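Colleague: Take a look at this one; I'll ask things after.
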Amino acid sequence: MTLKQTAAGVILLTMMVTGAACSSAPKNTATSPSPSAAASPQATAETQDTINMKGYIGARISQEKVGFLFGEAKSKDGKLILNPIAADSKEKAVKFLSSYFDAAMADKLAAHYLTEQQADGAIVTNPTSFFPTNLLDTTKADVTFDTANTADQVKFTTKDGATYTTKKVNDKFVISDVAKK
């Protein structure tokens, strides 16, 4: 009789656990935020320090893309050429740069870097940097952010006096001006 009672207890316990697991309503992970959380401005507001960092990081990325476009590819004789992976003409170079710079800056960069010379079927580029400071060699501690920065514009100055201005375009920061004092 003990064996029958044990088997019945195990079967009953198994049915209870299975029944409890099956009766639980599945949790919906794609729920929308509660109205109070969505209405709270503090939940989505960014601090100016966060915005400043986005502007600084956007400027660093922009400068890295210039290095990729104008200073990475070389011809067979060792001359720097326009990177054929990204562009093969001035127009395509400006279009590539327009994702990281405003239109006026993209044109200035193309005018500075692109020469009239050709090597291996590509445009030879000017090896002299357009930028007074290599931002890739800096950290946040190396820059001073302007106190007048806003959610849509971040201006900062490097230790050696180069001032970068970034502006928000399509929810990301692009360089709009570079000046050396």
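Coordinate-derived values only; no laboratory data. Note that this is a predicted model, so its numbers are computed, not measured. No Cβ is skipped: glycine too gets one built from the backbone with ideal geometry, and neighbour counts run over all protein chains shown.
Colleague: Using 0.36 nm per residue of separation minus the Cα-Cα distance, give me the extension gain between LYS90 and THR144 in nm, one decimal.
Modeller: 16.0 nm
Colleague: Rounded, prolate or oblate: which fits region 41-136 when a ≥ b ≥ c are the square roots of the eigenvalues of the alpha-carbon gyration tensor, with rounded for a/c under 1.5 and prolate only if a/b beats b/c?
Modeller: Because a/c hits 1.5 or more and a/b exceeds b/c, region 41-136 counts as prolate.
Colleague: Going by amide H atoms built from the backbone, whose H comes under 5 Å of the H on ILE81, apart from near neighbours?
Modeller: Result for ILE81 returns ALA73, LYS74, SER75, THR125.
Colleague: Relative contact order, percent, of region 125-166 when contacts are C-alpha pairs under 8 Å separated by at least 6 residues?
Modeller: 31 percent
Colleague: Can you give the three extents of the C-alpha atoms in region 93-154 along their principal axes, from longest to shortest, in whole Å?
Modeller: Projected onto its principal axes, the Cα set of region 93-154 covers 47, 24, 13 Å.
Colleague: Using 0.36 nm times the number of residues separating THR115 and PHE130, minus their current alpha carbon distance, what extension gain do you get?
Modeller: So the chain would gain 4.0 nm between THR115 and PHE130.
Colleague: Using 17 Å as the cut-off for backbone N distance, which residues of region 82-114 belong to the label zone defined by a point 7 Å from the Cα of ILE57 along Cα→Cβ?
Modeller: 100
Colleague: So if each residue of separation counts as 0.36 nm, and I subtract the Cα-Cα distance between LYS74 and SER99, what length gain in nm does that give?
Modeller: So the chain would gain 6.6 nm between LYS74 and SER99.
Colleague: How big is the charge dipole of region 49-181 about its Cα centre, in debye rounded to the nearest 20, if each Lys and Arg gets +1 on its Cβ and each Asp and Glu gets -1 on its Cβ?
Modeller: It works out to roughly 100 debye.
Colleague: What share of all Cα pairs of region 72-116, in percent, falls into each consecutive 5 Å distance bin?
Modeller: Per 5 Å bin, starting at 0, the Cα pair percentages come out as 5, 23, 30, 25, 11, 4, 2.
Colleague: Cut-off 17 Å, label point 7 angstrom out along Cα-to-Cβ of ASP152: give me the residues of region 54-73 whose amide nitrogen falls inside.
Modeller: Answer for this model: 55.
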